[in-house]
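The structure appears right after this line, and notes come after that.
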Amino acid sequence: MEAPRLDGLAGVTAGEASDVEPAASGYHEAKPVNLLKPPLHLLRRFWAEALAVASLVALVVGVNPFQLGHVFGHIQWHIALLMVPVVLVLYVCRGAAWWFALRGIGEHISFVHTQLIELAGQVMIILPMGDLSRVAMARSAHKKGGVGAITATVALQEILYMLLVSVGALPRLSQHPGIAMLMLATTITFSSVFVVLLWKPAYDRAIRLVEHVRFLKRFDTQLHEIRPAFVQLCHWRTLLPIIALQAIAALFSFLLFYLALLAIGVNHVSYIVAVFALGVSYTFGAVSFLPLGIGAFEGLLTVILLTLGIPAAQGAAAALLYRGYNDVLMAMIGAPCLLYVRARQRAGRWRSDRKPMPTSAVAASD
C-alpha cells in the first residue's frame, strides 16, 4: 500500500512535497493568536471609560483604601437613608423639566412615560453621548425628523442644569480668584452654546464647519432641526418652568452632597461651603471629557475639601458617596425602567398613546 503513494509523489519537487504532505495527513498549521488584539481593540473603543476608571482607582489608592474603608465603616446610616428620597426628588424635578421641554416642541409624551425615560436614561449615561439614549426612546413614531428637536430638549436640559449647579460656587468665588477666572471661562464657554443656537448666522457657520467632519455628516438632518426647536424652547413661557424645575433639582443636588458630608461625620462645614465645593467640582468634571467626569470630579472635590481642612479620606468618601447615590443608585433604579421601555418598544405598544408631533411645530419657529 505504500508503493503507490510514493510513486504518485515521484514527480513532485521537494518544495511541493512539503506543501502536499501536511494536507495529505490532514494537518493544518495553526495561525498564531494575538492575545493582545481583543483588549487593545476594547481599549481603543472605550478609552474614555478606561481612563475614568483608572482615575477613580488612582484616587482610592492615593487616599489609602484602608482609611477610606474606615470612614465608610463609621457612616451614619440614618442620614444615608435620608439621601434616598432627596435624590429621587432631584430626578423627578429633572424629569418634570424635560416634560415641559418636550411639550414645548409639541411632543405630548405623558408625564409618567417621561419620568420612565428619564430614569431609564441613567443606565446609559456612562457611555459617550449616553444622554442621547433618551432621544431614541422618546422620538416620534410618525416623524423621523423629530429626532433633532428632541435632541434640543435634552441639550437645553443638561446645559441649564450644569449652569445652575455652577452658580452655587458664586458666593465664595471672591475668596478664590484663581478658581473664579476658570469658572468664568467655563461658564462663558457653555453660555456660548446658547449664542450659537439662537443667533442664526453663528449657527449656519457652525453647521458648515460640522459638515466637514465625516463622523458628524450622518447627523446633518438632526443638526439642522436643533436650532428651530431651541428657539422655540427659549420662549419665556416654556423656558421659565424649565429653569425653575432645574433650579430646584440643583438645590436638591447641593443638599444631597451636604448630607453626604454629614453621613461620614463631617459636620463642621457649612452648607454654603459644601455648595461651593460641589459647584466647582461639577463644572470642571463636566469639561474633563471623561464620562460623567468620573475621576476628575471626585479628585477635584477631594482636593477642595482638603484645602478646607477635611482629611483626604473623608473628602474622597463624601465624593464617592454622592456619586453612589446620584449615579449608581439611579442607574440601578433606572435598569428596570429601561427593560420596561425596551419591552414595550419591541411589542410596538410604547408609542401608541402619543400624539404625533405637528409638522409645522418646529419649522414655524425657524
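Please treat every number below as a calculation from the coordinates, not as lab data. Note that the structure is a prediction, hence the values are computed from the model and not measured. Glycine also receives a Cβ, built like all others from the backbone with ideal geometry; neighbour counts cover every protein chain displayed.
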In a Debye calculation with equal point scatterers on the alpha-carbon sites of the stretch 78-128 and no solvent, what is log10 I(q)/I(0) at q = 0.18, 0.22, 0.32 Å⁻¹?
-> -0.65, -0.84, -1.12
Neighbour-count ranking for His268, His70 (other C-beta within 10 angstrom, fewest to most) reads His268, His70
Sorting Val53, Val165 on the 10 Å Cβ count, fewest up front, what's the list?
-> Val53, Val165
The residues Met124, Met83, Met332, sorted from fewest to most surrounding Cβ atoms within 10 Å, come out as Met332, Met124, Met83
